[in-house]
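Note sheet for the following structure.
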Amino acid sequence: MNSIGDYFEDFYPGQVIEHQLSKTIFESDNNLFSLLTMNFHPVHTNTDYAQRNQHGKILVVGTLVFSLTVGITVPDVSGKAIANLEYESVKHLAPVFIGDTIYARTRILEKRESGSKNDRGIIYVETTAYNQDKEDVLIFRRRILIKKKNHDN
């Protein structure tokens, strides 16, 4: 039995979840993610180049921040998910640098029953990632198909 996450019935519109997980982004995280995703833009991998550009230092790959933030939310939001149905409106609000620590909070915007199966429902959420200085760095919305109680197989 999956003991991670909450069931559909546990969520309510307006609920705000301050996620307990967090992660400091190390140079090795950014380098590995750049290699795995074939993102070789020098602003992410070349200190000399980055120093001569807008922020003066290496920028963390934006999709790493997005992926990390989704992961941070799993124990609280999507641990009982059947599927992530949709991601939308991903906005990068501020740069993220090596050594920044990422935190997240999620607000439940809506919830509704599934139209096709009675053992699940859909929650619509907005997640904000922020750094150690409480500066918002990323925001996105998603729809998640979640199991209902007493229907766990």
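The values are calculated or read from the model by the stated rules, or taken from the named source; none is laboratory data. These numbers were taken from a predicted model, which means no experiment stands behind them. Glycine gets a Cβ as well: all are built from the backbone with ideal geometry, and neighbour counts include every protein chain shown. Accessible surface areas use protein heavy atoms only, side chains included; no ligands, DNA or RNA. Shrake-Rupley method; radii C 1.70, N 1.55, O 1.52, S 1.80 Å.
Annotations for the structure displayed:
- Low-density loop cleavage sites - trypsin sites (Lys or Arg not before Pro) in region 1-103, where at most 15 other Cβ are within 10 Å (DSSP): Arg52, Lys57
- Gaussian network model of the chain, springs between alpha carbon atoms under 10 Å - residue of Tyr124, Tyr49, Tyr103 with greatest fluctuation: Tyr49
- Overall form of region 1-128 per C-alpha gyration tensor (a/c, 1.5; a/b vs b/c): prolate
- On Cα atoms only, tilt of 27-36 relative to the major axis of the chain in degrees: 70
- Between the listed residues Ala50, Gly14, Asn30, the Cα displaced farthest toward the positive end of the dipole of the chain, a dipole computed from Cβ unit charges relative to the Cα centre, is found at Gly14.
- In the chain, the longest principal axis of the Cα atoms and the axis of helix 62-73 are about 40 degrees apart.
- Relative contact order, percent, the chain [alpha-carbon distance under 8 Å, six or more residues apart]: 31
- Here is how the number arises for the chain: DSSP H runs of 4 or more residues each give -39500 (n - 2.57), the sum is divided by the residue count, and the result at 222 nm is -5500 deg cm²/dmol.
- The number of Lys pairs in the chain with C-alpha atoms less than 25 Å apart, excluding pairs fewer than 8 positions apart on the same chain, is 19.
- Rolling a 1.4 Å probe over the protein chains gives Glu110 an accessible area of about 100 Å².
- Derived scalar couplings ³J(HN,Hα) [region 135-140; Karplus, 6.51 cos²θ - 1.76 cosθ + 1.60; whole Hz; x for Gly, Pro]: 8, 5, 10, 7, 9, 7
- Candidates Leu93, Leu32, Leu138, ranked by Gaussian network fluctuation over the chain, Cα under 10 Å, top entry: Leu32
- Alpha-carbon spread of region 17-90, three principal axes, descending order, Å: 44, 23, 22
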